[in-house]
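The values are calculated or read from the model by the stated rules, or taken from the named source; none is laboratory data. Predicted, not measured: the structure shown is a model, and the values here were computed from it. For neighbour counting, all protein chains shown are included, and Cβ atoms are generated from backbone atoms with ideal geometry for every residue, glycine included. Heads up: the accessible areas ignore ligands, DNA and RNA and are worked out on the full protein's heavy atoms, side chains in. Shrake-Rupley method; radii C 1.70, N 1.55, O 1.52, S 1.80 Å.
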Amino acid sequence: MRRLLLIGLLASAFTRSPALGQERPSGASLSGIIYDASGGAVPGAVVGLQRPDGSRVSTESSESGTFRFDNVAPGRYEISVERSGFRRYTASVRVGARSPAPLEIHLALAVLEQTLDVREAEIEVRPDTSANLDVVLLNRAALDNLPALQNDVLGAISRFLDPAAQGTNGPSVVVDGMEGSHLSVSVSAIQEVRINQNPYSAEFFRPGRSRLEIITKAGTPNFHGTFNLLGRDHRLEARNAFAATRPPSHWRSFEGSLTGPLGDRKRNSFVLSVNHDRVDPQAVIFARTLTGDVRQNASTPGRATFISARASREIRPGHTITLRHEYLQESNRGQGVGGFTLPEAGADYFDRQDHFYVHHRIAISSSLINEFSTRSGRHNDYALSVTPGAPRIVVLDAFTGGSAQADQHRTEIDFQFAEVLSWSAGRHLVKIGGNSYDINRRGLNNLANSAGTFYFSSLDDYRLGRPFTFVQQQGDGHVAPLQTDLGAFLQDGYRWRENLSLGFGARADWQDTLGDHSNIAPRASFAWAPRKNKRVVLRGGAGLFFDRSGTRPIADVNLYNGVRLRQIMVANPSYPNPFVGAEQAAVQPISLARFAPEARNPYTIQSGLGVETKLDKSTALTVHYTYAKGVKLFRSRDVNAPLPPFTARPNPDFAQVRQFESSGNQIAHALEVSLRGQIAKFFTGTAQYVLSRAYNDTGGIYSFPAYNYDTSLEWSRADFDGRHRVAITGTAKAGKWFDAGILLTARTGAPYSLTTGRDDNQDSLAADRPPGVRRNSLQGPGNATLDLRVARDFLLDGSKKEKGPAITLSIESFNLLNRVNYVTYVGNRSSPFFGKPVAAYPARRMQAGFRFRF
C-alpha cells in the first residue's frame, strides 16, 4: 500500500507539466471550451489539431471543459473533438499572428453507445472497433426521461445488469473513477450512466455487466442549475394484493444541483447538489398467529438529507485539482416490518456520514495524463429495537413477533485512493495504476439478540411450547477490526489495424482477511470489422475476476471467537425458560465463526463472443453469448453439526462452528439479443432479450447446505436463475406535445426450495429437505412491469430554445397495468401458507414532478 501511495504522490503531486517553471512559448495559442447540448461542460474530450502538413497534435479537455494549444504557427487548421456519447465534431479554423478568441464548441448527442436521446433530428449508429458498442448508456437527456421511482435512476437502470456476474457485495458502483457500493451524488448532478463499458478491462474489479459507471457534471464558467420537486400520494395509487386496505402513504422530495464559476470564471468552478426526502410508506403485513390471520399496514417513515459541494481549480491547461465534501443524514423507523414480521419486531435506524474527496489531474505531456483521487470519511449509525428487552419469537413462515433484537452501534473511519496513469503512444493506449476498495477501521458494539430468540417449526409447536432452537448472545460485543483491500492493474489498448483493436491487461487484488496473495487476473479482448464499411463488427473477450468476502463475515469472525461475544445455541429448549433446573447459560456450549484455513478469494472466469451489425443509419443489432464459471465461491458450513444418528455434536464443548469456506461452484450461460437506436419512427432506445441458465451449489457466504457433510444435493438452479428476461427502455417523442419515457421489464420465475420446516438433523437450523430433494427444486412465478413517464417542456426563452431556461411538468406511473407480480412463495411444508404466495411487488403507483432548469 505504501508503494502505491508513493507512486500516486510522485506522479500527481510532484510531477510538473512541461510548462511548469518555464516561460510560455511565444506565438499564437488556440483555446476554447466544449459544451454539451444542455450547456454543461464536457471533460475528457479528445481535441485534435491537424496542421497543413498533415501532422497532428492532440490534448484532452479539462474538468471545466477547456482546452488549449500553445505555439501555433499562423495558418489554417482542422480541429476535431471526440467524446463517447457525442457525435464527432470537425471544423476549419484560421490562426493569425495573434491568438484568436476562445472557441465555443457544442457537441451533439448521438447513439454511438446505446445513447437514449431523441433531441437530435438524425441519429446515426456507427459500429466501431475502437469502442465497445454493446454498452447501455444513458446521457443526461435519457436520465431526464427515464421513469424512476423516488428518483432512483440506478435502481431503474440496474435491471440491465447480469445477476450471474455480480459478486458477494452486489453490483459495483464507480463514480468518477472511484469504486464504491452506492451513489454518492444527487441525481441531477449525473452527466451519464454506463453499463458494460470496457467489460474485460483490467482497470475495473468486476465485469462490465455487474458494474455501474457514473460520470458527474463538471463545473462550468456560466451558471446552470436544475431543481426538481417530486411527490407521491396514496390517493392516486392502487392497493397491494396482500393489503387489507389501501395504506395512507406519501413521499415528497426536493432535489437539485447548481454549477457555475467561482471567482475567476476561466479557472474556478463549483457544483452544489442537494437532496431531501420525506417518505412515509406503509409496510404490508401478511401473517398468521394463534388468533388467526393478520392483515394490516404499518407505518415505516424515513427522512434523508444529502448535500454535496465541489470546487475545482484549473491551475493551468491540463492541470486541475478538485475538492468535494459530502454529508448524509438519514433515519428509517419500523424497519424489518412487513410480510411475516409484526410491528412489535421492527427497529429504528439512524445514520450520519461525512466524506471528503480530492481529485488531481495533470496532463504531463500531450501523451501522458495522470489522475489521483482520494476519499476519506466517517460513518456513525445505530439501530434500536422498537420493543426492547423481550425475546424474539420466530414461527417459520407464519409470523415473527416479540422484539427485533437488533440493537447495535457502528462507527467507521475509511480511506480510499485511485491512481491511473494513461500513456498514448502511436497505436497504444496504456493505463497503469492501483486503487483501494477499502482501508478502514470499523467499530461495532453489538447488543443484538441479548434477550434471545426462540425458533418454532410450526404454529402447532408454538401452541405446545416446543421450540427447536434457542439462540442468545452475551458478553463483550465491541470490536474494531482493520480491513484493507488493494488492487493494481496494467492495461494496453492496441489499434493493430484500422479494422482490428486488441486489449490486453492483468489485475492483482489483495484482501488482508484471507491468506491468498496470488490473485492475478489476466484479461483480453478484441474487436474486428471484416469488411471495409464496418457495418459488421465481431467482438470477444475473456478474463478472470476475483471477489471479496465483505465486511460482515470479518466482524463475525472477530466477535464470535470463543472469547469476546458468547453465542449460546440450545437445541430443543424448554419454553419460555430455555435453561432448565440449575443449568445456567454460563455452562452452555458456545458457537464460533471462522474462516476455513484453506479459504481463498473466489473468482469468476468469464468469456464472451458477439456480433454487431448496422441495420440502417440509426439502428444496430447485437447478438452476444457469455459464459461464466464461478470457482471457490463462498458458503457457510457447520463443521460441528451432529453426525448420524443426529444425537450429539462431535465436539460437545461447542455448539455451531460456522466456517466460511470457498468451496462453491457456479456455471452460467447467457445469450443476449439487443436492438438499439431509432427502433421506430417516434421511439429511440434499446430493447434487450436474454436467454440464460445458471446453476450453482451455494446461495452466498451466509447460506448453509441442508446437510453439512454432503453438499451434492445443493447443485441446482441458482437463486437468481430465470430462463427469459426482457428489458425495453427509451423515449417516444410526440412532436412538440410531450415526451414519453418507457421502461418495460419481464422475466420468468426464479426457483425456491422445498423444505420440511423441521430440524431432523439437529443442527439447530430448519433447512432440512425431504430425502433426495435438491435445493431450488420448485418454480416461482414470472413477473412483468411497465413504467411510463410523460412530460412536457415549457421553454421560457424561445430564442435560446432548449439551451435556455425551461419548466418541465411530468407524471409517472409504475406498474402502469397494475399487474400482480408475486415475489415470495412458501416452500415450507410446516407452514400454513405452503405452496402459496405471501407477498407481491407494489401495485400501481403514481408520481408527479416539477422541474426548473436554466
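Quick grid of which residues meet (1) of a type in the set (A, V, I, L, M, F, W, C); (2) buried (at least 21 other Cβ atoms within 10 Å of the Cβ):
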| residue | (1), (2) |
| --- | --- |
| Val394 | yes, yes |
| Thr411 | no, no |
| Phe417 | yes, yes |
| Ile432 | yes, no |
| Ser436 | no, yes |
| Asn446 | no, yes |
| Ala451 | yes, no |
| Leu464 | yes, no |
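Residues that are open to solvent by 20 Å² or more (accessible area, probe 1.4 Å), part of a strand (DSSP E or B) and more than 23 Å from Thr622 (Cα to Cα) within segment 668-709 comprise just one, Tyr695.
Step by step: first the residues of segment 482-495, then only those that are in contact with a Gly (Cβ under 9 Å, 6 or more places away or on another chain), open to solvent by 20 Å² or more (accessible area, probe 1.4 Å) and not hydrophobic (A, V, I, L, M, F, W, C), then the one that is nearest to Phe415 (Cα to Cα). Which residue is that? Give the derivation first.
Residues of segment 482-495 in contact with a Gly (Cβ under 9 Å, 6 or more places away or on another chain): 486-495.
Now narrow it down to the ones that are open to solvent by 20 Å² or more (accessible area, probe 1.4 Å): 486, 488, 490-495.
Checking which are not hydrophobic (A, V, I, L, M, F, W, C) leaves us with 491-495.
Numbers: Gln491: 25, Asp492: 28, Gly493: 30, Tyr494: 34, Arg495: 37 Å.
The qualifying residue nearest to Phe415 (Cα to Cα) is Gln491.
Contact annotation: residue pairs with Cβ atoms under 6 Å, 6 or more positions apart or on different chains, pairing a residue in segment 420-442 that is aromatic (Phe, Trp, Tyr) with a partner that is modelled with pLDDT under 90 and part of a strand (DSSP E or B), are Trp423/Leu368; Tyr437/Glu179; Tyr437/Asp485.
Looking across Gln474, Gln405, one residue alone is polar (S, T, N, Q) and open to solvent by less than 30 Å² (accessible area, probe 1.4 Å). It is Gln405.
Could you tell me whether segment 234-246 includes any residue that is over 30 Å from Pro343 (Cβ atoms) and surrounded by 21 or more Cβ atoms within 10 Å (Cβ to Cβ)? Explain how you work it out, then say what you get.
We begin by selecting, within segment 234-246, every residue over 30 Å from Pro343 (Cβ atoms); these are none.
No - not one qualifying residue is present in segment 234-246.
Checking the structure you have, find out if any residue of segment 564-574 is of a type in the set (Val, Ile, Thr), open to solvent by 40 Å² or more (accessible area, probe 1.4 Å) and over 30 Å from Leu490 (Cα atoms). Among the residues of segment 564-574, not one is of a type in the set (Val, Ile, Thr), open to solvent by 40 Å² or more (accessible area, probe 1.4 Å) and over 30 Å from Leu490 (Cα atoms), which makes the answer no. In segment 482-497, the count of residues that are among the small types (Gly, Ala, Ser), closer than 30 Å to Arg523 by Cα and touching a helix residue (DSSP H, G or I) at 6+ places or on another chain (Cβ under 8 Å) is one or more.
Which members of segment 787-827 meet the condition of being in a loop (DSSP other than H, G, I, E, B), among the hydrophobic types (A, V, I, L, M, F, W, C), open to solvent by 50 Å² or more (accessible area, probe 1.4 Å) and within 30 Å of Gly338 (Cβ to Cβ)? Quick ask: steps written out before the conclusion?
Filtering segment 787-827 down to residues in a loop (DSSP other than H, G, I, E, B) leaves 796-800, 804-805, 815-821, 826-827.
Next cut, among the hydrophobic types (A, V, I, L, M, F, W, C) only: 796, 816-817, 820, 826.
Narrowing the set further to residues that are open to solvent by 50 Å² or more (accessible area, probe 1.4 Å) leaves 796, 816-817, 820.
Once the filter is applied, which keeps residues that are in a loop (DSSP other than H, G, I, E, B), among the hydrophobic types (A, V, I, L, M, F, W, C), open to solvent by 50 Å² or more (accessible area, probe 1.4 Å) and within 30 Å of Gly338 (Cβ to Cβ), segment 787-827 yields Leu816, Leu817, Val820.
Looking across segment 41-58 at every residue that is touching a strand residue (DSSP E or B) at 6+ places or on another chain (Cβ under 6 Å) and surrounded by 21 or more Cβ atoms within 10 Å (Cβ to Cβ), the one that is modelled with the highest pLDDT is identified as Val47.
Kindly indicate whether Gln688 is touching a Gly at 6+ places or on another chain (Cβ under 6 Å) and touching a residue at least 40 places away in the same chain (Cβ under 8 Å). No; evaluated as a whole, the condition is false for this residue.
The criterion of being of a type outside the set (Ser, Thr, Tyr) and either touching an Asp or Glu at 6+ places or on another chain (Cβ under 6 Å) or open to solvent by 50 Å² or more (accessible area, probe 1.4 Å) (or both) holds for Ala766. Contact map, segment 746-773: residues that are under 22 Å from Trp715 (Cβ atoms) paired with residues that are open to solvent by 30 Å² or more (accessible area, probe 1.4 Å) and among the β-branched types (Val, Ile, Thr), Cβ distance under 9 Å, separation 6+ or inter-chain. Pairs shown: Tyr752/Thr824; Ser753/Val773; Leu754/Val773; Thr755/Val773. The criterion of at least 3 residues that are among the hydrophobic types (A, V, I, L, M, F, W, C) and modelled with pLDDT of 80 or more is met by the following strands (runs of 3 or more DSSP E) wholly inside segment 112-185: 172-175.
Table: residues versus (1) polar (S, T, N, Q); (2) modelled with pLDDT of 90 or more.
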position: Leu421; (1), (2): no, yes
position: Gly433; (1), (2): no, yes
position: Asn440; (1), (2): yes, no
position: Gly452; (1), (2): no, yes
position: Tyr455; (1), (2): no, yes
position: Phe468; (1), (2): no, yes
position: Gln473; (1), (2): yes, yes
position: Phe489; (1), (2): no, yes
position: Ala508; (1), (2): no, yes
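Within segment 197-219, is there a residue that is under 30 Å from Arg316 (Cβ atoms), surrounded by fewer than 16 Cβ atoms within 10 Å (Cβ to Cβ) and not small (Gly, Ala, Ser)? No: zero hits. Filtered by the rule that a residue be part of a strand (DSSP E or B) and either open to solvent by less than 30 Å² (accessible area, probe 1.4 Å) or not charged (D, E, K, R) (or both), segment 311-324 gives Ala311, Ser312, Glu314, Ile315, His319, Thr320, Ile321, Thr322, Leu323, Arg324.
Filter segment 746-762 for residues that are more than 19 Å from Asp638 (Cα to Cα) and either modelled with pLDDT under 95 or within 32 Å of the chain's Cα centre (by Cα) (or both) and give the result. Ala746, Arg747, Thr748, Gly749, Ala750, Pro751, Tyr752, Ser753, Leu754 - these are the residues of segment 746-762 that are more than 19 Å from Asp638 (Cα to Cα) and either modelled with pLDDT under 95 or within 32 Å of the chain's Cα centre (by Cα) (or both).
Taking the conditions (1) closer than 30 Å to Leu328 by Cα; (2) outside any loop (DSSP other than H, G, I, E, B); (3) touching a helix residue (DSSP H, G or I) at 6+ places or on another chain (Cβ under 8 Å) in turn, Pro247 satisfies each one other than (2).
What residue, among those in segment 340-392 that are open to solvent by 20 Å² or more (accessible area, probe 1.4 Å), assigned to a strand (DSSP E or B) and of a type in the set (A, V, I, L, M), is nearest to Phe242 (Cα to Cα)? This residue is Leu384. Is it true that Ala555 is in contact (Cβ under 8 Å) with a residue 12 or more places away in the chain, in a helix (DSSP H, G or I) and crowded, with 19+ Cβ neighbours inside 10 Å? Spelling it out, Ala555 is indeed in contact (Cβ under 8 Å) with a residue 12 or more places away in the chain, in a helix (DSSP H, G or I) and crowded, with 19+ Cβ neighbours inside 10 Å.
For segment 710-731, name all the residues that are surrounded by fewer than 16 Cβ atoms within 10 Å (Cβ to Cβ) and either assigned to a strand (DSSP E or B) or of a type in the set (Ser, Thr, Tyr) (or both).
Just the residues of segment 710-731 that are surrounded by fewer than 16 Cβ atoms within 10 Å (Cβ to Cβ), to begin with: 710, 712, 723-724, 726.
Selection gives Ser712, His724, Val726.
Only residues that are buried (at least 21 other Cβ atoms within 10 Å of the Cβ), farther than 27 Å from Gly377 by Cα and among the aliphatic types (A, V, I, L, M) were counted across segment 269-310, and they come to 4.
Based on this model, can you work out whether Leu464 counts as at pLDDT 90 or above, in contact with a Ser or Thr (Cβ under 9 Å, 6 or more places away or on another chain) and either farther than 30 Å from Phe579 by Cβ or not charged (D, E, K, R) (or both)?
Working: at pLDDT 90 or above: yes; in contact with a Ser or Thr (Cβ under 9 Å, 6 or more places away or on another chain): no; either farther than 30 Å from Phe579 by Cβ or not charged (D, E, K, R) (or both): yes.
When the stated conditions are applied, Leu464 does not pass them.
Screening Arg523 against (1) at positive phi; (2) in a strand (DSSP E or B); (3) among the charged types (D, E, K, R) leaves a single unmet condition, (1).
Can Ala734 be described as surrounded by fewer than 21 Cβ atoms within 10 Å (Cβ to Cβ) and out of contact with any Asp or Glu (no Cβ under 7 Å at 6 or more places or on another chain)?
When the stated conditions are applied, Ala734 passes them.
Would it be correct to say that Ala784 is in contact with a Lys or Arg (Cβ under 7 Å, 6 or more places away or on another chain), in contact (Cβ under 8 Å) with a residue 40 or more places away in the chain and either open to solvent by less than 40 Å² (accessible area, probe 1.4 Å) or aromatic (Phe, Trp, Tyr) (or both)? Considered against the rule, which asks whether it is in contact with a Lys or Arg (Cβ under 7 Å, 6 or more places away or on another chain), in contact (Cβ under 8 Å) with a residue 40 or more places away in the chain and either open to solvent by less than 40 Å² (accessible area, probe 1.4 Å) or aromatic (Phe, Trp, Tyr) (or both), Ala784 comes out as yes.
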